[in-house]
Structures are given as C-alpha cells and as structure tokens.
1. Counting only residues that are free of Cβ contacts under 8 Å to residues at least 12 places away in the same chain and more than 18 Å from the chain's Cα centre (by Cα), which one in the stretch 162-191 is nearest to residue 55 (Cα to Cα)?
2. Considering only residues that are touching a strand residue (DSSP E or B) at 6+ places or on another chain (Cβ under 7 Å) and part of a helix (DSSP H, G or I), look in the stretch 89-123 and name the one that is nearest to residue 17 (Cα to Cα).
3. Of (1) touching a strand residue (DSSP E or B) at 6+ places or on another chain (Cβ under 8 Å); (2) outside any loop (DSSP other than H, G, I, E, B); (3) closer than 30 Å to residue 39 by Cα, residue 126 satisfies all except one. Which?
4. Looking at the structure I just gave you, is residue 37 more than 15 Å from residue 158 (Cβ to Cβ) and surrounded by 20 or more Cβ atoms within 10 Å (Cβ to Cβ)?
5. Can you tell which of 30, 65 is under 30 Å from residue 116 (Cβ atoms) and either in a helix (DSSP H, G or I) or without any contact (Cβ under 8 Å) to a residue 60 or more places away in the chain (or both)?
6. Consider the stretch 173-197. How many of its residues are part of a strand (DSSP E or B) and touching a helix residue (DSSP H, G or I) at 6+ places or on another chain (Cβ under 6 Å)?
7. If only one of 118, 151 is surrounded by fewer than 22 Cβ atoms within 10 Å (Cβ to Cβ), over 15 Å from the mean Cα position of the chain (by Cα) and modelled with pLDDT under 95, which one is it?
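The values are calculated or read from the model by the stated rules, or taken from the named source; none is laboratory data. From a predicted model like this one, the values you see are computed outputs, not experimental measurements. Cβ sites come from the backbone with ideal geometry, for glycine too, and all protein chains shown count toward neighbours.
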C-alpha cells in the first residue's frame, strides 16, 4: 500500500429468507460500527442504484410471471451496476459496506429454490461481481413458521412464492453455509439479542 492510501474496506453481507429481520439487523450493525469510529455504507440488493430501482420494480412487483432465467439475469444486471456504482468505490476508500443481500441470495433463491443450479449461478454471479466478494456473510436463520408469521401482509412477488419455496430457500442457506464459510446466526429472540450475536460474528473481520 502506498503512503497516504486508504486502508482496504470491509464487505459485510447480511442474508436470510423472508421475515428473518435482515433490515433491522443491518441498521443495528451499521450503528454499532459507526459508534466504533468506522465509515459505514449501508446498501441493499436489488435496487440501490437508479438503474437497480427499475430492475427491482420488475423483480418484486411485476404483474406478470417471470421465467426463472429472466429473474436471474435481472438480479445479475442489478448486481453489476451495484458493484460498479456503490460497493467498489466505497471499499476503495476504506469504508465498511454492510449489504442487505448479495451473491448468497442468488445462490439460495435462483440457484437452489428456482432450480437453476447453484454452481452455474455462482459462476455467473462471480463474473458480474468482477472480484468483489464478501469478507463475511451472516445468514439469519429462523424456523419457517416463525419467519412466515413475521412477513408483512403487503407482500412482494418473492414473499408470495409460498411456504414450500421458502422452505427450499432456508434449506439452501443452511446447506450451502459450511462449504462457503457463511456464518449462520440464530435470529430467534429480541432484536437486541440477535444484534449482539451478529456483532460478535462480524467482530472477527471488523475489529
């Protein structure tokens, strides 16, 4: 590293199926990291760019059915723009990026639950991410019945996919976690209790 260069950033991804409390825990984790003196960029997929917002509308709120391959390609297009516009620049200046969903979601939802093949989806995702990989992935895990009860009544296209689909998603996260080094965190309990577990898991990567 040259003199005066920014230290490398850290990339933290928070994952899990519908209703596990990702958004709440992303906010709490970011607050804790900022209190420790870090610059933190909070972001999400899909949709946290101008182009991504249009893709998100098609992915989450389209009135017509999407072919699984089309769904995957829209997700990957969002990721390519997201990495180029938000994630890579923040990491380059030494910030901690805390992202609500990233590649693991694509593997669990499109690769496993949609049946497109985890290995093929992973290959395509790594291609569009162009070397930007998470330093730590936190998978929030809940029993299916508990997660289902937490989902809001106003549901997007994925939330309406049905209990069997969401059971496949949750199983995929748990099955894929050991081989990919994802950290599975029990999301059952108060938000404070879960936040403490998440922070403890992240602390090994972000002092």
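1. The extreme case among them is 162.
2. Result: 105.
3. Going through the list (1) touching a strand residue (DSSP E or B) at 6+ places or on another chain (Cβ under 8 Å); (2) outside any loop (DSSP other than H, G, I, E, B); (3) closer than 30 Å to residue 39 by Cα, residue 126 breaks only (1).
4. Against the criterion (more than 15 Å from residue 158 (Cβ to Cβ) and surrounded by 20 or more Cβ atoms within 10 Å (Cβ to Cβ)), residue 37 does not qualify.
5. 65
6. Within the stretch 173-197, the subset part of a strand (DSSP E or B) is 183-186.
In the following step, the residues that additionally are touching a helix residue (DSSP H, G or I) at 6+ places or on another chain (Cβ under 6 Å) were identified as 183-185.
Residues meeting the conditions: 3.
7. 151
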